[in-house]
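What follows is calculated from the coordinates using simple rules that are stated; it is not laboratory data. Keep in mind that this is a model prediction, so the values were computed, not measured.
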């Protein structure tokens, strides 16, 4: 039959088809690896092809724009920038829209540390959306909620991976005036099942339930490419270099991503969001005086609405104009999708077996281990040479 089933492994898991089907005959089902894929009740399907019309895989050229401005961004608020993964640009967008009475959608942990897109209307909840979550966020019914809020003439901001933003535009079938979008420079997403298994392992290791998780803590080493993982239980706080962690290493190696990530249509400078944000890794060379151990974001302004949003939020930050080339330094996913390692073929085999996480090897990684014990100021000085 002619429906979303034909997408197969190209599916990005945005759930637009599930929320679009007029016969409600599509459900998103977790595969063995823990990624969501559409399952169609063929008996109920009328082959209207609405699911295909609303699919970002089928409509990759919709709402694509090359950046016309690039900025280095550093949030003025010390609390906010330290809670953010880099310079706090996405958080500034969230804060701006909320202060104007708008509604924001973004990725957040729940009480079990599962990640999904939630609606935020109160600035007191803004912290839930801060910092990076290196696992695929469950969109749930967020597209349907966005559509409802837009019909109420609310100002709406949606933040997420480029494929999630593309899924929203496909679902809406257009670009409403009161919708703003911020896409994140994305390497790829591991499965929620892998993350859940990892958390179960962490709970055993700490002899208590993990209640706080941060992939990009700045508490000890500040901002930099040496990501620091921070976890908390009721009685204990731990930090560890991300690439020396069983989950973190494979996120960094890229052998646990969704299959569609390796052929991502959005891993280039033709952006789908009004703004694109990420880490400004080239700041030490191109704008050394603007660098900060607290973090610097790159902000790519892609549309007129993006420019409008940028102007509204820039009061919250120190900014410095940059070139596209400067903003792209070490951002390989603005050039091409992540390479698919050979180890991806076997990575998820045995995920349902006892001891799956325990059997993951992290190796010696002598260079990484050496960096993890060097003072952060010394590392910053070496990088600036």
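Taking a ≥ b ≥ c as the square roots of the Cα gyration tensor eigenvalues, with a/c under 1.5 meaning rounded and otherwise prolate when a/b beats b/c, else oblate, which class fits the range 108-172? Note, shape of the range 108-172 comes out oblate.
Annotation for the range 285-312 versus the range 1-36: alpha-carbon center distance of 36 Å. Full extension of the chain segment joining residue 127 with residue 234 gains 36.5 nm, where the gain is 0.36 nm per residue of separation less the Cα-Cα distance. Distance between Cα centroids, the range 185-247 to the range 77-111: provide it in whole Å. Taking the Cα centre of the range 77-111 as reference, the centre of the range 185-247 is 20 Å away.
For the chain, dividing the convex hull volume of the Cα atoms by the residue count gives 140 Å³ per residue. The convex hull of the Cα atoms of the range 4-53, projected and averaged over all directions, covers 3.3 nm². Only Cα pairs under 8 Å and 6+ residues apart enter the sum, and on that basis the relative contact order of the range 60-385 stands at 26 percent. Translational diffusion coefficient of the range 233-298 (Stokes-Einstein, Kirkwood radius from Cα pairs, 20 °C, 1.002 mPa s): 138 µm²/s. For the range 4-53, the relative contact order comes to 41 percent (Cα pairs under 8 Å, sequence separation of at least 6).
Given contacts defined as C-alpha pairs under 8 Å and at least six residues apart, what's the relative contact order of the range 202-360, whole-number percent?
Numbers: 181 pairs, mean separation 35.6, N = 159.
After rounding, I find 22 percent.
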